[in-house]
1. Subtracting the Cα-Cα distance from 0.36 nm times the residue separation, let me have the gained length for residue 614 to residue 895 in nm, one decimal.
2. Taking the 0 to 90 degree range and rounding to the nearest ten, how far is the long axis of helix 531-542 tilted relative to the main principal axis of the chain, both from C-alpha atoms?
3. Tell me, in nm to one decimal, what length is gained between residue 859 and residue 1045 on full extension, where the rule is 0.36 nm per residue of separation less the Cα-Cα distance?
4. Mind pulling the angle between the C-alpha long axis of helix 445-461 and the longest principal axis of the chain? Nearest 10 degrees, somewhere in 0 to 90.
5. Suppose R0 equals 41 Å. What FRET efficiency, 1/(1 + (r/R0)^6) with r the Cβ-Cβ distance, do residue 643 and residue 801 give to the nearest 0.05?
6. Where the Cα atoms of the chain are projected onto their three principal axes, how long is each span, largest first, in whole Å?
7. Between segment 781-800 and segment 310-385, how many Å separate their Cα centres?
8. How large is the translational diffusion coefficient of segment 55-134 in µm² per second when you combine the Kirkwood radius over alpha carbon pairs with Stokes-Einstein at 20 °C and 1.002 mPa s?
Amino acid sequence: MAGSQWELPPELCCRPMAFVALTGLDVVYNAVHRAIWDAFCANRRADRVPISFKVLPGDHEYPKCRTKRTSYEWYIPKGILKTGWMNKHLNLVPALVVLFYELDWDDPQWKEKQSECATKVEIVRTSLQGRNTKVAVVLIQKKTPLPPGEDLVASERAAALCNACDLSGKSLFVLPHTDHLVGYIIRLENAFYEHAQTYYYTEIRRVKSHKEFLNKTTHQLLFVRHQFKIAFFSELKQDTQNALKYYRTAYSLVHELRAHETNMLEIKTMAGFINYKICRLCFQHNTPLDAIAQFRKHIDLCKKKIGSAELAFEHSAWMSKQFQSFGELFDEAIKLGLTAIQTQNPGFYYQQAACYSQERKQLAQQLCRAGASPPSPDPLDTQSGGLDFYGQRPWRQGHQSKNKHTKEKTGILALQIKERDVPHSELIIALLSNAVAQFKKYKCPRMKSHLMVLMGEEYYHAKDYTKALKLLDYVMCDYRTERWWGLLTAILTTALRCAYLMASVKDYIIYCMELLGRGKQQGYNRILNTDAARLLWNDRMALAGSNEFTIEVQDYIPFIQCKAKFLSPSFHVDQPIQLQVFLQADCPHPVSLNKLAVSLSNQVHYNQWCVLESSGQDSVSLLPRKTKCFNFSFVAKTEDVGKKIEMTGIEVMLGGDTGRCVFLSWRGAGGDAASTHEALQTSRSSRRWGRGVETRPVLDWHSVIMQHSTMIISRVPKILVQLSHQPPALINEMYCIGLTVKSQEEGVAKDLKLTAGLKPGQDANLGQTTHVTLNGSKVCDDTAPALLPDVPLGDLKPGEKLESCIYVKCVSTAPRVFLFHVAYSIDTTVDGRQIVCKCHKVENSFSFNSLTQLTLTTIFIYMKFEPLDRVAVDIPFLFMIDIVSSSPWPLLLASSSLQLLTMTSNTPQLQSQLQEVVLQTGECASECFCLRCPPLTNSNTTVATGQYLISWRSADSPLIQSTVTLPHVILESVPLYIHADLPSYGRVRESLPVRYHIENRTALVQEVEMAVEPSDAFMFSGLKQVRLRILPGSEQQMLYNYYPLMAGYQTLPQLNISLPRCPTTDTHTLRRFLPQRIFVKPQGRQLDDASIAAA
């Protein structure tokens, strides 16, 4: 039998489509015919009808139709399904033959061409003798036809042509070769599809008609065959639901056949074909669970139908193909939109197919005898080159009896010899590769790793050791990390064999070390030694430079474990840096080390101190399962202060310098692929058992925690820094902070430097409003920095004290953090080495608030001490300022001054009223100035007043001047200014003269109407009501004699003033400058000054 006997035939796997033959087209030399053919077959979209087109010559010989059987009474079928039947109906026997002929309705040679067309149709019918194949004619015309019924000539000639060709009207078509060719072709396709449907329907009825002639005694095979044919014709008809029904019936019938050793293969083959069709249609109908159920049923029914025991490998091959085919169907359905899950995906079916292929390989090794010569003649050869029926043996085709054929033993021997040449490992690897891809797609890492191990083993059996080692090495990474010791040992054994047979020295050493280590779960096996491997090893050892091997063991699990740690996360520069390296041998025998070296990040200075070498015959020995500790120490460089020192690697040398040696190298502080998982387990165990950890041995391996880096920090300073100050600080004050530095060193502290000021990292505005200086005799300006760096303080002997003052000026009230940093150098000795240490003493930074020492409040008032909101131009008013002390200690006000911009003083000279005034906490001092705003040349209504300057100081501080910008004032112009001259007090029943001055401040003549309101407290003499005219810039005076009637504070008679020419100015605005009340003394005895003051 052919080597590809287990492959499903392509005609079974393809989608059945109606076969339509096109004749009369010259697609090579006729451009029009070529365009028509391209329109049929090129760029077919999914929405077009499923038809398979083929161009055939007009005299093509179709398969001859056998004589129809009229009775099955004495007929004994030779098999179930012929090997060529599906291909015949897919590609050889058309459902419709279409004849293309160029003929226009108005062709001048119509009669001759009509006869020629009828002749070609007759030739086609003759070649299809006995077939139910339909025949149709397509006339290729140059002109677009008229609508039906309008062209009478066309109707007549079409009828004549149908009669001549013996065609029905539905089998004659017209194809105009115009711009809309594709549209006409699609319409033709639909018509062809209807004819093909009719043909396959006829074929189904023809096959069904045979059922009445069959009996279940001798025609069991025909029942299966006919059901399969009906189902296949239904597929060609695109009736998939009925096709699925008939396939299910055929599947049930095939398992009802009487099975024996001679026909077992044929039954399984047909069952596999039908099962494939059923599963394919279920996936196509989007019922995947039905497909899976059908496949499981198929496997359950067939897995025990082994057949001949001498050919048991054939059953395994057939089972493997069943799983592979279903996996391919499943995968194809997923690509078309089906959703799969982790527990149900094509990978499981590919995996099972690989398992059956492995079983096939094992059975072939058992059953196929080595050295047997192939029989002659070969019983697998057939006269036709192939089988007549699917699943039959070449030496007994058509033989259905239970008795074995006389050539059976020869045929079995030929099959066994042929099986020996099958590349089983390639088949297994391909299936496993497909399964791995599926499990990777559906995120099943453990299944993927398991199958990759199987692939590696198959590569090993196929003697492709490079690929085997690559796969196994990839998988071992996961098994090492997760500590699957049993699995890892088995894989390492296979990898070790690969490395040996490849003569890969380094890999061989690595896997040997791992098998000696803690992951070993079984005894030591002897590796198969071959002459070829021995020769390879001799060649490798003869090469120069092959005596030293460096192995990075970080990603492996070697037989020596290594951990290292610094004894502290940080060391002072005047302390020796100490580190420990712990080694433990996991092998069953002691191990000798010739060298141990630790590599650090600063290789130039420190590596030389971290090396341990064996001297002479003495070597470091590690006992099995015993932890050994090695101590190293060195002195840090002063320039490495503030830097981190890291372990970059640890190296252990096995072997001697004279012979071969192996360097085991760990990155960082040691550890291997399983260390992380073991550390996690240890931490969980310690939490679970609590105090049980304390009872462990001192050098318990799992209790060692790696510390791969340490920090070099500066020497601890032995000086005392004290700060003294009295918060809070006042704004603009030179705030004094006392600094005392006392040495507690045993030697001289050299080159002391002080850094003092605002601590960096705060608000940027604080740096502009804070000034630091060492000179407190005068107030510093804005150029003074916020931080004084590296102020030299000289040397300091042991026990000496140094005192200094730093002055801080704060311009704003925000809280501040200050820093004081003292640095110096000192000579010291570490492990007998003299070094110069730089020490730093940072006094804990402190923060304080700055307060506003003086709070100033300003107010503008009328001359009668009433507040004003607008200042009248060229009219005197009062400016008052109140100064409140917020300082916790007394403040001396040295002097004050007023700097005016637009205002002028109403007095000859402005003098300070606060000279040498001392204010206690919360006390207030006031000053009053009489001012006048002269007329302005511009039209501004708001003007600046000026500044108020006050000089003050606290005890023992320089004089500080504070400046306060006075508020702006709003100006207004009054048309009439009225003020009064009157005594400071009056007396009851004595005359009180009052003179009113009325000034015209405008450029117009103003008419003034005045009236004095009567009052119960006064009698008066003068004009009660008067009308005046006042020239621009001139003044009028009105004199009244008031006669007080009651004592005490009395309201003066009010003036009602109106300006007819200034209606916007009311009486209240004009009389606001006049006094409202006056004190009237009682009549009689004379009062002294004290009584007046009391009143």
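The values are calculated or read from the model by the stated rules, or taken from the named source; none is laboratory data. For clarity, every value in this text was computed on a predicted model and none was experimentally measured. Heads up, the Cβs are rebuilt from the backbone with ideal geometry, glycines too, and the neighbour counts pull from every protein chain shown. With ligands, DNA and RNA removed, areas are computed over all heavy atoms of the protein, side chains included. Shrake-Rupley method; radii C 1.70, N 1.55, O 1.52, S 1.80 Å.
1. Here the answer is 92.2 nm.
2. Approximately 40 degrees, to the nearest 10.
3. Working it through step by step, the gained length comes to 63.3 nm.
4. 40
5. 0.75
6. Result, largest extent first: 173, 117, 55 Å.
7. Their Cα centres are 91 Å away from one another.
8. 137
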